[in-house]
1. Touching a Pro at 6+ places or on another chain (Cβ under 7 Å) and buried (at least 20 other Cβ atoms within 10 Å of the Cβ), is that true of Val122?
2. Among the residues of region 29-68, write down those that are buried (at least 21 other Cβ atoms within 10 Å of the Cβ), small (Gly, Ala, Ser) and outside any helix (DSSP H, G or I).
3. Only one residue in Arg162, Arg206 is over 26 Å from Leu254 (Cβ atoms), among the charged types (D, E, K, R) and either assigned to a strand (DSSP E or B) or free of Cβ contacts under 8 Å to residues at least 24 places away in the same chain (or both), so which one is that?
4. Answer yes if at least one residue in region 222-241 is at pLDDT 95 or above, charged (D, E, K, R) and in a helix (DSSP H, G or I), and no otherwise.
5. So, in region 174-194, how many residues would count as being part of a strand (DSSP E or B) and acidic (Asp, Glu)?
6. Ser73 versus (1) surrounded by fewer than 22 Cβ atoms within 10 Å (Cβ to Cβ); (2) out of contact with any strand residue (DSSP E or B) (no Cβ under 7 Å at 6 or more places or on another chain): which is the lone unmet condition?
7. So Lys136 passes all but one of these: (1) in contact (Cβ under 8 Å) with a residue 24 or more places away in the chain; (2) part of a loop (DSSP other than H, G, I, E, B); (3) open to solvent by 20 Å² or more (accessible area, probe 1.4 Å). Which condition number does it fail?
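The values are calculated or read from the model by the stated rules, or taken from the named source; none is laboratory data. Keep in mind that what you see is a predicted model, and the values were worked out from it rather than measured. Every residue, glycine among them, receives a Cβ derived from its backbone with ideal geometry; neighbour counts consider all protein chains shown. Side chains are part of the model used for accessible areas, which takes the heavy atoms of the whole protein and leaves out ligands, DNA and RNA. Shrake-Rupley method; radii C 1.70, N 1.55, O 1.52, S 1.80 Å.
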Amino acid sequence: MDAFPTFAPKIKLIALDRKIRVGAVSYLNTKPLLYGIEHSPVFDEISLFTEYPARIADMLLADEIDIGLVPVSIIPQMREYHINTRFCIGCDGPVASVCLFSEVPIEKVKRVILDYQSRTSVALAEILFEKHWKQKPVFVQAGTDFISEIGGDTAAVVIGDRALHQRNLSAYHYDLGDAWKQMTGLPFVFAAWISNKTLDPGWVERFNQANGFGIEHIPEVLRKLPENTFDLQSYYTKYLSYSLNEEKRKGLELFLSLIKKKSAAVIQ
């Protein structure tokens, strides 16, 4: 394995006199980023927590962590937020692990169960039904065993590792990343490194480099993972897109504006 790149000299944090509390999603899609973090000097500067996306979001809102790889739909709820690093969990077309699963074509879906683990995917699904698929199903919040309820005219939004597995089981699957691309022509950002306070720029740059190191060493990441029913090499290199570039920022801005309009309509 290549030696880790040299970092800039450490700068003492002004706001924090403790380790930075970092929250990250515990799915396969974060493994390259976490590999870089865990194999870098910056790992000694943090306390790392892993959970499902909605839980990490709650932790950031409650100031239980300082920065998290959180669903971007959390942004409107934050009094202060900062998007850090040049990396995210995104896609520019199909993402594979965020899908609507059903046993009937989408025009026959009457009821949709929404995965409790991610608010961004839920918000995206609701937007797609309204503006892309032009359907008005009943949306239902999921319980812990909701996947077993898929059947008849009941579909479900499933995310993460479970979605990769479910692709082999359901008669129909609709990739939400692909649908967003068809509707807008833009890539999509599911999660980004968001902090609830300003963090030391030197630390952010070291953390950014750590993320990049992981993306550059996907073969090593793959060797540490058990076999999967989905081709993880393709997942990391063809489906997921980790760079938070200008086009993704445009997609993120559009998504947040649609969330805002949707919330305003509900209030009215």
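1. Taking the combined requirement at face value, the residue does not satisfy it.
2. If the condition is that a residue be buried (at least 21 other Cβ atoms within 10 Å of the Cβ), small (Gly, Ala, Ser) and outside any helix (DSSP H, G or I), then Ser40, Gly68 are the ones that fit.
3. Unique residue meeting the criteria: Arg162.
4. Yes; the residues of region 222-241 include at least one that is at pLDDT 95 or above, charged (D, E, K, R) and in a helix (DSSP H, G or I).
5. Looking only at that region, the number is 1.
6. It fails just one condition, (1).
7. (1)
This table checks each residue for (1) under 24 Å from Lys250 (Cα atoms); (2) in contact (Cβ under 8 Å) with a residue 40 or more places away in the chain; (3) of a type outside the set (S, T, N, Q).
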site	(1), (2), (3)
Glu64	no, yes, yes
Gly68	yes, yes, yes
Gln77	yes, no, no
Asn84	yes, yes, no
Pro94	yes, yes, yes
